[in-house]
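Here is the structure we will look at, set down as structure tokens.
The values are calculated or read from the model by the stated rules, or taken from the named source; none is laboratory data. What you see is a predicted model; the values in this text were computed from it and never measured. In this analysis, Cβ positions are derived from the backbone assuming ideal geometry, glycine residues included, and neighbour counts consider all displayed protein chains.
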Ligand code: NI
């Protein structure tokens, strides 16, 4: 009995351990064949790092200005095709979009990279310096584009394991000159966030203030809105010796310039950051003539949507009051540019866990919101967005120069980090939000 009992137990044990072994080996089989996405992202990011660097250098050597990214778009398109995707070109003129349909059901998200360069003469002395003289990838959009290509390549290889759909948005004209519509706005107008409808959008920007390996973000308002305005003060010309016979547009303009600053100091809640800058002033004909016209041009930046709404009206009140006090007339045109870039708080909280899991808690920093603007805001205005900073600084190697400078030289080790982090952020979102 005892023996028999033991035999039964032994047999049961054997059966269950065989079952366990089979389960385990099945698990192992799944891991090896389809599965552990995290490990795959980690190892694949380093495997393709060389390619990503090669693409980045090609893009860096061949920079193109806003809305002229023809060769860049072709290059991006040809690589996306190699990854097995079917890119659509000509979106917002020179943009490229591709959709990766995962093998498992889940939500649809987008990742965006900007592709344009700046009218700057490169002085880095790099062997892959710009061949297009006077044009330079001085804002790291070559990084953004090649990182997104890396993410597209990596995730395309594991298509069947992806729970949802990913739209890769290669955006033109982020740096569009003032007065022209920026690429993000054009893409939104052309419906890039629809068909399939995007639930969340992700983006990153290189940050030379952060060491390579570090990441930065802010929840809520992250980058300022950016508007531009022109004020034309119209006075009356007279001889400089007889000012009472004219209306001095220069004197009126001077009062307007000074008084506009009282909006920031006296009219807007001091806890809401606003900048009003007049960057250009033009008027007058000669030293002894009372000027009949002065044109002022400037920009307004805010991190607060309420302040953003209020400023133009307050400006108008001041311009109107001062000109009428002096008998002058005016024209005032105010153009709204990018809205405030807001990182959706819930999406941010969830995405930050992916950042921390990928790069380690100590590498992820909350950064101070900036008064600079970013046209990613147009996307994040439509759907929840998460935009973060990728550190590219390297003091030892002298890679310390800011964006939009001729010496900007981001550390290329950030490319691999960018691919790894962005892939994880997106995959985590899809996994956590698929039913
Ligand atoms: Ni930029």
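If you check 130, 146, 178 for being in the same structural domain as residue 420 (by TED's automatic domain parsing), touching a residue at least 12 places away in the same chain (Cβ under 8 Å), assigned to a helix (DSSP H, G or I) and away from the ligand (no atom under 13 Å from the Cβ), only one passes: 146.
Select from segment 92-121 the residues that are in a loop (DSSP other than H, G, I, E, B), crowded, with 24+ Cβ neighbours inside 10 Å and within 16 Å of the ligand (Cβ to nearest atom) and list them in ascending order. Walk me through it before giving the result.
Taking segment 92-121 first, the residues in a loop (DSSP other than H, G, I, E, B) are 92-94, 102-103, 115-117, 119-121.
Restricting the remaining residues to those that are crowded, with 24+ Cβ neighbours inside 10 Å gives 94, 115-117.
Residues satisfying the conditions are 115, 116, 117.
Scoring residue 418 on the criteria (1) within 16 Å of the ligand (Cβ to nearest atom); (2) out of contact with any helix residue (DSSP H, G or I) (no Cβ under 9 Å at 6 or more places or on another chain); (3) within 20 Å of residue 350 (Cβ to Cβ) leaves a single failure, condition (2). Taken over segment 133-152, the criterion of being out of contact with any strand residue (DSSP E or B) (no Cβ under 8 Å at 6 or more places or on another chain) and farther than 22 Å from residue 166 by Cβ is satisfied by 133, 134.
The criterion of at least 3 residues that are away from the ligand (no atom under 16 Å from the Cβ) and under 19 Å from residue 345 (Cβ atoms) is met by none of the strands (runs of 3 or more DSSP E) wholly inside segment 196-246.
Exactly one residue out of 215, 210 is surrounded by fewer than 23 Cβ atoms within 10 Å (Cβ to Cβ) and assigned by TED's automatic domain parsing to the domain that holds residue 371: that is 210. Among the residues of segment 159-175, the ones that are away from the ligand (no atom under 16 Å from the Cβ) and surrounded by 24 or more Cβ atoms within 10 Å (Cβ to Cβ) come to 2 in all.
Going through (1) over 14 Å from the mean Cα position of the chain (by Cα); (2) more than 16 Å from the ligand (Cβ to nearest atom); (3) within 22 Å of residue 176 (Cα to Cα) one by one, residue 402 falls short only on (2).
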